[in-house]
Amino acid sequence: MTEHESALERDFVTLTCFIDASAQIISQPVTLCFFDGATLRRYTPDFLVHCNDGRSQLIEVKYRADLREKWRQWRPAFLAAREWARERQTSFRIATERSIRCAALENARRLLPLRAAPLDRALADQLRNALACLPDPTFGALAAAVPEPRAAVLGALWRMIARGELRVDLTVPIELRTRLALP
């Protein structure tokens, strides 16, 4: 787990790890010095994220209310961060609770611990085979299609989703009517 200084930063790290399991997240990666008028100031962004697809982002995590209240004060620092990022062929982004605390975060909290949980491979194969035969492949329909104990089937389904062996829309809550697909 990457170091963080607030609950919102913790949630950002959780969500980022969930979206890109291979992402490298560096806490307080650089301290920038810049002039604000005639005054030399310093600013340390919260994270530098190197994504699996080769992109990188310099990230500041702030609550929207704080941004509104202190925007004029913080704007020069954010401009310095944007310039630093541009010079390094990356981008600068401010992440707020609106983009962090969403259904994907709730899914991340539920699914991340299941990625390493043991999975019955025979049951997983049964579920994949049953999925191919369903006209409307939903979480509930697939859970009912396999003649195994319901708790075992549900556990296997959650683990398969967590590992990416079954695809779902992770931007909305997962429920019985959630559509499933193979990757």
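Identify all residues within the range 125-181 that are farther than 15 Å from Arg110 by Cβ, out of contact with any Leu (no Cβ under 9 Å at 6 or more places or on another chain) and in a helix (DSSP H, G or I); write none if there are none. Answer for the range 125-181, where residues must be farther than 15 Å from Arg110 by Cβ, out of contact with any Leu (no Cβ under 9 Å at 6 or more places or on another chain) and in a helix (DSSP H, G or I): Asp125, Gln126, Asn129, Cys133, Ala144, Arg150, Ala151. Of the residues screened, Arg98 is one that is surrounded by fewer than 15 Cβ atoms within 10 Å (Cβ to Cβ), at pLDDT 95 or above and outside any loop (DSSP other than H, G, I, E, B).
The set of residues from the range 27-56 being touching a strand residue (DSSP E or B) at 6+ places or on another chain (Cβ under 8 Å), of a type in the set (S, T, N, Q) and more than 17 Å from Asp11 (Cα to Cα) comprises Thr31, Thr44, Ser56. Among the residues of the range 33-64, the ones that are surrounded by 12 or more Cβ atoms within 10 Å (Cβ to Cβ) and in a strand (DSSP E or B) come to 14 in all. In the range 1-32, the qualifying residues are those that are part of a loop (DSSP other than H, G, I, E, B) and among the small types (Gly, Ala, Ser), and the one that is nearest to Arg110 (Cα to Cα) is Ala21.
Within the set of pairs 6+ apart or on separate chains, which have a first residue in the range 1-27 that is under 15 Å from Thr96 (Cα atoms), a second that is in a loop (DSSP other than H, G, I, E, B) and not acidic (Asp, Glu), and C-beta atoms under 7 Å apart? Cβ pairs passing all conditions: Leu8/Tyr63; Arg10/His4; Asp11/Arg101; Val13/Met1; Val13/Thr2; Val13/His4; Thr16/Ala23.
Taken over the range 66-93, the criterion of being of a type in the set (A, V, I, L, M) and touching a Phe, Trp or Tyr at 6+ places or on another chain (Cβ under 7 Å) is satisfied by Ala77, Ala80, Ala81, Ala85.
Quick check on my filter: what residues within the range 14-49 are more than 13 Å from the chain's Cα centre (by Cα), under 17 Å from Thr90 (Cα atoms) and not acidic (Asp, Glu)? Scanning the range 14-49 gives Ile26, Ser27, Gln28, Pro29, Val30, Thr31, Leu32, Thr44, Pro45, Phe47, Leu48.
The values are calculated or read from the model by the stated rules, or taken from the named source; none is laboratory data. Predicted model only: the values in this text are computed from it and were never measured. Virtual Cβ from ideal backbone geometry, glycine too; neighbours counted across all protein chains shown.
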